[in-house]
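The values are calculated or read from the model by the stated rules, or taken from the named source; none is laboratory data. Computed from a predicted model, the values in this text were never measured in an experiment. With ideal geometry, Cβ positions are generated from the backbone for all residues, glycine too; neighbour counts draw on all protein chains shown. All accessible areas refer to the heavy atoms of the entire protein, side chains included, with ligands and DNA or RNA removed. Shrake-Rupley method; radii C 1.70, N 1.55, O 1.52, S 1.80 Å.
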Amino acid sequence: MIDLHDVSVEYDQGHRALRGVTLHVEDGEFVFIIGATGAGKTMLLKLLYREETPTSGRVVVNGCDVAAMRPGDVPRFRRRMGVVFQDFGLLPGLTVFENVAFALRVTGARRRAIRARVPECLETVGLMARCDAFPGQLSGGEQQRVAIARALANHPALLVADEPTGNLDPTTSLGIAEVLYRINEAGTTVVVSTHDHAMVDNQLRRVVELAAGAVIRDEAQGSYQQSPRPEE
Amino acid sequence: MSFSAFAFLVDDAAKSIRRNGLMSIAALTTVTVAMAVLGGSLFTIYRLKQFADSQPRRFEILAFVDPKADAASVESVRDRAAHIPGVASAVVYTKDQALRDLQAEDRRQHTEIVASLEGINPLPDRIDVRVSDPAVTVRVANELRSPRFPEIEQVRDENDALSKLIALSNVIRNVGGAVALLLFIATAFVIQNTIRLTIYARRREIRVMQLVGATSAFIRLPFLLEGTFYGAAGATAAACLVLFVVAQVSSYAGQFQTPLTQGVPPAVSSAVIVVMMVATGSAVGVGTSVISLRRFLRRV
Ligand SMILES: Nc1ncnc2c1ncn2[C@@H]1O[C@H](COP(=O)(O)OP(=O)(O)OP(=O)(O)O)[C@@H](O)[C@H]1O
Ligand SMILES: [Mg+2]
């Protein structure tokens, strides 16, 4: 599903956001990316949905070489994945239903297909009851669920979430994590970056830790314990 | 693209036009004014040109040779006339030719002018001089009247009303063109600014669209529609304005047979003017939106 080989991302000033990252993720895996602020988590995820391209190295996602991709092919590439952010990225003028439908409408889906698919996605995140509410009327956790539902709309093979629980309290975070696990169990590959150790600890999931742009540990499912180093 | 997707785009464009409020009005107004100036100038030039074209023997000087002159001296007059600077061509129109044409005219009109002449041809030989530039008409005509052409009895040249008309038309073309150009630049700026505001107002939406895999055409289309709307709607308003003014002027001046109001049926020229203006306006709208999208919308 994901194949990063010796990937570096460099800025003009010679500043490197990622240095020599090699990472392989199988279809259907669930991976946490952790690391301190500025470690390069967001950068790593941006490579996956081709917001950024590597300065050197190879990034292959869903069988597509990200660096070699023509700009015209990016939309089709992104339709096969879902992206979720810390700040939700919902459109405040649209209802919950419309926000999820939005992802389908912009890809030219037909009305009938939209009416069938949106409730499925909202059902998955447990928010069908609030489908006529506006984002402003929802709690942070609920808004994040809507964002996840929207990311699911196009049946993605890969779900990428950048600190989906960064703004949420621990209980709510756990709820979001549950939703992500459920999505993963249905077969979708999930990559989640987080600061939130509570979310990672004792979850028996694969954890990849970044520091200063490099992978400093990559522990297989079940073996991760909280890093002893002090974090923010 | 499915119908519902297209309806979605149109809906988007309409929403943003409403949301832009004052900017939309500013965009529409500048387009309207620019198009009205352009359309008004074009219409006036068009009418003046039609009027000028409807005048017979444009830019031509007719030199009537003394009937007593023989064929050789007619030919020599023609030669010398052809060598006057500014003359494009000088052609002899013989009295025989003139008589034949008159006969033909008799047959068409069922008159008997030639027959009544009883074999005498009173017509003079004539030399038709065409000048290369209407501005030299008077000078060439005066040259032909001068003693250097003793064989020429009479010279008839274009009246200078026509050259005044041409000068006027040129002034309208230049001034109208310059003003319209300036206004178009202003229009381009205003439309561009409006599109930029729209992009800014919708940056979240655009971002989400990009992330869920909307094609860049799909993202751009509402902006193109918006720009086209400003161009086309402004131009339509301007066309209505121009046609209204023309109708008013015509109804007052119709009886005086002015160059602007006489001749061609108005419906023909009106349709042409409207189509031209709306096409130009839409083109300006599309062009500016394309430029603004290039400038302000981050690719993918
Ligand atoms: N556009 C940019 N120009 C220059 N440097 C950048 C740019 N974007 C990111 N960086 C740098 O790349 C490094 C990695 O940034 P990144 O956003 O991936 O960190 P992060 O791990 O997501 O941090 P956080 O936990 O705060 O979100 C940082 O040192 C950052 O300063
Ligand atoms: Mg980050």
For this session: Of all residues in segment A:186-213, count the ones that are more than 13 Å from A:Ser173 (Cβ to Cβ), open to solvent by 10 Å² or more (accessible area, probe 1.4 Å) and either without any contact (Cβ under 8 Å) to a residue 40 or more places away in the chain or not basic (Lys, Arg) (or both).
Result: 7
Seminar exercise, completed: Scanning segment A:147-161 for residues that are within 11 Å of another protein chain (Cβ to nearest Cβ) and either within 16 Å of ligand 1 (Cβ to nearest atom) or of a type in the set (Phe, Trp, Tyr) (or both) gives A:Val160
For this session: For A:Arg76, work out the one condition from (1) within 16 Å of ligand 2 (Cβ to nearest atom); (2) exposed (fewer than 15 other Cβ atoms within 10 Å of the Cβ); (3) within 14 Å of chain B (Cβ to nearest Cβ) it doesn't fulfil.
Result: (1)
Exercise. Could you give every pair whose Cβ atoms fall below 9 Å, whose first residue belongs to segment A:40-51 and is open to solvent by 10 Å² or more (accessible area, probe 1.4 Å), and whose second residue is more than 8 Å from ligand 2 (Cβ to nearest atom) and among the acidic types (Asp, Glu), counting only separations of at least 6 or pairs across chains?
Worked result: A:Met43/A:Glu52; A:Lys46/A:Glu52
Exercise. Which condition number does A:Thr22 fail, the rest of (1) outside any strand (DSSP E or B); (2) of a type in the set (Ser, Thr, Tyr); (3) away from ligand 2 (no atom under 12 Å from the Cβ) being met?
Worked result: (1)
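Just name the residue that is farthest from the other protein chains (Cβ to nearest Cβ) out of those in segment B:187-204 that are of a type outside the set (A, V, I, L, M, F, W, C) and crowded, with 22+ Cβ neighbours inside 10 Å. Talk me through it step by step, then tell me what you get.
Step one: filter segment B:187-204 for residues of a type outside the set (A, V, I, L, M, F, W, C), giving B:187, B:192-194, B:196, B:198, B:200, B:202-204.
The next check asks that each one be crowded, with 22+ Cβ neighbours inside 10 Å; those that pass are B:187, B:194, B:198.
On the way: B:Thr187: 30, B:Thr194: 20, B:Thr198: 14 Å.
It comes out as B:Thr187.
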Exercise. From the set of residues in segment A:105-122 that are open to solvent by less than 10 Å² (accessible area, probe 1.4 Å) and assigned to a helix (DSSP H, G or I), which is farthest from the other protein chains (Cβ to nearest Cβ)?
Worked result: A:Leu122
Problem set entry | Condition check for A:Asp87: within 13 Å of chain B (Cβ to nearest Cβ) and among the acidic types (Asp, Glu) | yes
Problem set entry | Within segment A:40-55, considering residues that are among the hydroxyl-bearing types (Ser, Thr, Tyr) and touching a Leu at 6+ places or on another chain (Cβ under 8 Å), the one nearest to ligand 2 (Cβ to nearest atom) | A:Tyr49
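With the condition being at pLDDT below 85, touching an Asp or Glu at 6+ places or on another chain (Cβ under 9 Å) and open to solvent by 50 Å² or more (accessible area, probe 1.4 Å), I'd like the helices (runs of 4 or more DSSP H) fully within segment B:87-186 carrying at least 1 qualifying residues.
Numbers: elements: B:95-109, B:113-117, B:137-145.
Fully inside segment B:87-186 and qualifying: B:113-117, B:137-145.
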Problem set entry | Filter result for B:Lys68 (of a type outside the set (Asp, Glu), open to solvent by 40 Å² or more (accessible area, probe 1.4 Å) and modelled with pLDDT of 85 or more) | no
Seminar exercise, completed: Those residues of segment A:53-65 that are within 16 Å of ligand 1 (Cβ to nearest atom) and crowded, with 19+ Cβ neighbours inside 10 Å come to a total of 2
